[in-house]
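Below: the structure, in structure tokens.
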């Protein structure tokens with residue numbers, strides 16, 4: 001069955017430290033891949049997307065993600081986290097048949 | 001360029017009642033999707049509307065229904081509310097399938113429904 005997995009429910013990181021959020025998917029072909037961020041009480045904001053081409057994609061707010069076909073992964077990274085990055089992050093997968101699925105999300109807490 | 005707006009932002013209903021949530025799509029977008037996000041979970045796809053017709057549906061019962069209007073705005077209706085319907089309901093708009101950026105969703109801030 002097709003699935004999207006975000007293994008880490010909750011991550012705590014110090015301000016200024018690096019951050020990596022994991023996303024794994026199980027689909028027959030390479031889907032379109034997205035990362036969204038959701039602040040409390042807000043809708044989802046698109047951080048970045050991968051459709052094809054260069055497997056390292058740059059997004060807004062200093063985020064980047066790398067698509068690794070061999071690992072069926074699309075991990076999100078940020079070299080230096082700011083307090084304003086505290087939020088929930090969702091990986092989304094959209095396949096060629098129009099099926100869309102979100103991961104369960106990773107809650108990021110930033111400590112001083 | 002206006003974003004996606006949803007109303008109401010919060011509402012409380014009791015079991016068995018009916019609710020209507022509204023969504024105005026972003027300028028230039030003609031496809032609208034609805035999602036249910038329960039507490040601590042990712043958004044779950046309810047359905048999508050394109051050209052005023054349902055264009056895909058997730059695993060939700062028929063008591064979840066929708067409409068899209070000629071101006072591309074949309075409504076989500078839920079009948080016979082159950083306690084488990086308590087959630088944040090998100091609307092997202094996008095461009096027509098086949099157009100550049102068709103798979104990129106722009107989300108509204110959501111309508112938080114509490115069923116007592």
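Throughout, read-outs are computed from the coordinates displayed, never taken from laboratory work. It should be emphasised that the depicted structure is a prediction, and the values quoted were computed from it without experimental measurement. Virtual Cβ from ideal backbone geometry, glycine too; neighbours counted across all protein chains shown.
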Checklist outcome for this item: For the stretch B:1-61, averaging the sequence separation of alpha carbon pairs under 8 Å that lie six or more residues apart and dividing by its residue count, the contact order in percent is 23 percent
Item to check | Average Cα contact separation per residue, the stretch A:1-92, under 8 Å, 6 or more apart, as relative contact order % | outcome: 35 percent
Checklist entry - What are the extents of the Cα atoms of chain A along their three principal axes, listed from largest to smallest and rounded to whole Å? => result 43, 28, 21
Checklist outcome for this item: Note: A:73-85 gets an average of partner chain Cβ contacts (10 Å, Cβ to Cβ) equal to 0
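I'd like the per residue volume of the convex hull spanned by the Cα atoms of the protein assembly as shown, given in cubic angstrom. Mind dumping the intermediate values first?
Working: hull volume 29.2 nm³, N = 228.
In the protein assembly as shown, the Cα hull volume divided by residue count equals 128 Å³.
Take every residue in peptide B:107-114, count the Cβ atoms of other chains within 10 Å of its Cβ, and give the average of those counts. Can you show the working numbers first?
Values: counts 7, 3, 6, 5, 0, 1, 0, 0.
Counting other chains' Cβ atoms within 10 Å and averaging over B:107-114 gives 3.
What is the average number of partner chain Cβ atoms found within 10 Å of a Cβ in B:39-46? Kindly include the intermediate steps, with their values, before the conclusion.
Numbers: counts 0, 5, 5, 14, 11, 2, 4, 0.
If you average over the peptide's residues, the count of other-chain Cβ atoms is 5.
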Next on the checklist: With 19 Å as the cut-off, how large is the P(r) tail for chain B, expressed as percent of Cα-Cα pairs?
Outcome noted: 40 percent
Checklist outcome for this item: Burial-style ranking of A:67-75, B:19-27, average other-beta-carbon count within 10 Å with highest first, yields B:19-27, A:67-75
